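In what follows, a structure is listed as structure tokens, so that the remarks can point back to it.
The values are calculated or read from the model by the stated rules, or taken from the named source; none is laboratory data. Values in this document were obtained by computation on a predicted structure and should not be read as measured data. Virtual Cβ from ideal backbone geometry, glycine too; neighbours counted across all protein chains shown. Accessible surface is based on the protein model in full, side chains and every heavy atom, while ligands, DNA and RNA are left aside. Shrake-Rupley method; radii C 1.70, N 1.55, O 1.52, S 1.80 Å.
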Amino acid sequence: MATIKEIAEKAGVSSATVSRVLNYDETLSVSEETKKRIFETAEKLNYSKFQKNKKAKQGKIAIVQWYTEKEELNDLYYLSIRLGVEKKAEEEGYEIVRLFQDSKAKLTAEIEGIIAIGKFSEREVAKLSEWTKNICFVDSNQLAHKLDSVEVNFEQAVTEVINYFIQQQHEKIGFIGGQESYADHSAKITDKRQIIFEQLLKEKGLYHEEYIFLADSYHVSSGEKIMQEAIDQLKENLPTAFFVANDALAIGSLRTLQGNGISVPNDVCIMGFNDASVAKYVFPALSTVRVETELMGETAFELLMDRMATERTVAKKVTLSTDLIIRESTIRQ
């Protein structure tokens, strides 16, 4: 684990600034560029593999990110996947063209392939595949369109979370997720983790509809608001454990609980999702589901290179497993 001091030295800022940025301190006045540099530095320092020798220049590929550049800083899951792609591309000698949702840059004839990160509507998938079939989608399954995909095994992840909470004698288990729509606003997106969570708890006779809360986004501030709603609505009937759909929402939820004098983990346990670099630096340190985001990015790049080299028409989907990371936010005394 990288230290605050190491991140500060690499990012060229003070340790205090790094600590406050990683804890999403909204009272801190720093530029978006500084925040971006700190988050990217923290993610890169947590990568475990050695840097390989760079190869000669090969060509250009585009990373199409479904988020805006600012939104990416609020959900480090997608930032970390992008960095994984860029690291592998740099090693293999490919130049990256970044296309965020609000980017003015466009696909050009020089671009040989696309890695699309995030959720894309039918219309958006059709538009991208009209430009080229050399595409790999990350975090969405596009086998139906005969396009390559890299996904996380959500069923395994949620099952391990539920089993862990039950082993810890929790009977009142809540879920906090976010609400999202495709970038073209064609439809809302249902979170697979919520579907699996509800199904598993129903099977175990532990499901309570009133324990499901959906925030308006996956940001820290939304986590703060939705947990306050849960406290106000449920009062003494508040679940003793919450599975939260990403680390940013979990950090916001944790803050609100502490602000209301509710002890984490002795009164309420919090489990996040992603294991972003920030999860280790909050107090108490956040238990979470580790997703190998760097590997997701690398795998997407390798699938793209394979399709470009072989011109295969049969699509491949790679599903990656996850790991449950237990830290202080779920260890009751």
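Spot the failing condition for Asp306; the list is (1) surrounded by fewer than 17 Cβ atoms within 10 Å (Cβ to Cβ); (2) at negative phi; (3) not in a helix (DSSP H, G or I), and only one is missed.
For Asp306, the exception is condition (3).
Please determine, by comparing only the residues of the range 153-179 that are open to solvent by 10 Å² or more (accessible area, probe 1.4 Å) and hydrophobic (A, V, I, L, M, F, W, C), which one is farthest from Thr319 (Cα to Cα).
It comes out as Ile166.
Are any residues in the range 258-286 more than 25 Å from Lys35 (Cβ to Cβ) and crowded, with 19+ Cβ neighbours inside 10 Å, and if so, which ones?
Val264, Pro265, Val268, Cys269, Met271
Could you grab me the full set of residues in the range 66-98 that are β-branched (Val, Ile, Thr) and farther than 14 Å from Asp139 by Cα?
Hits for the range 66-98 are Thr68, Ile96, Val97.
Report whether or not Lys70 is of a type outside the set (Ser, Thr, Tyr), in contact (Cβ under 8 Å) with a residue 60 or more places away in the chain and farther than 17 Å from Lys316 by Cβ.
no
Identify, by number, the condition in (1) in contact with a Leu (Cβ under 9 Å, 6 or more places away or on another chain); (2) open to solvent by 50 Å² or more (accessible area, probe 1.4 Å) that Val97 doesn't meet.
Exception for Val97: condition (2).
Enumerate the pairs (first residue in the range 82-98 and assigned to a loop (DSSP other than H, G, I, E, B); second residue anywhere and basic (Lys, Arg) and at pLDDT below 95) with beta-carbon separation below 6 Å, excluding pairs fewer than 6 apart on the same chain, so at least 6 apart or on different chains.
Cβ pairs passing all conditions: Glu92/Lys55; Gly93/Lys55; Gly93/Lys57.
For the range 160-178, does any single residue satisfy the condition of being closer than 29 Å to Gln58 by Cβ, among the hydrophobic types (A, V, I, L, M, F, W, C), touching a Gly at 6+ places or on another chain (Cβ under 9 Å) and assigned to a strand (DSSP E or B)?
Checked the range 160-178: no residue is closer than 29 Å to Gln58 by Cβ, among the hydrophobic types (A, V, I, L, M, F, W, C), touching a Gly at 6+ places or on another chain (Cβ under 9 Å) and assigned to a strand (DSSP E or B).
Could you grab me the full set of residues in the range 309-322 that are open to solvent by 70 Å² or more (accessible area, probe 1.4 Å) and either free of Cβ contacts under 8 Å to residues at least 40 places away in the same chain or not in a strand (DSSP E or B) (or both)?
Ala309, Thr310, Glu311, Thr313, Val314, Lys316, Ser321
Out of all the residues in the range 183-233, which are charged (D, E, K, R), assigned to a loop (DSSP other than H, G, I, E, B), closer than 28 Å to Asp102 by Cα and open to solvent by 30 Å² or more (accessible area, probe 1.4 Å)? Full working, then the answer.
Of all residues in the range 183-233, those charged (D, E, K, R) come to 184, 188, 191-193, 198, 202-204, 209-210, 216, 224-225, 229, 232.
Narrowing further to those that are assigned to a loop (DSSP other than H, G, I, E, B): 184, 191, 204, 216.
Remaining after also requiring closer than 28 Å to Asp102 by Cα: 184, 191, 216.
Within the range 183-233, Asp184, Asp216 qualify.
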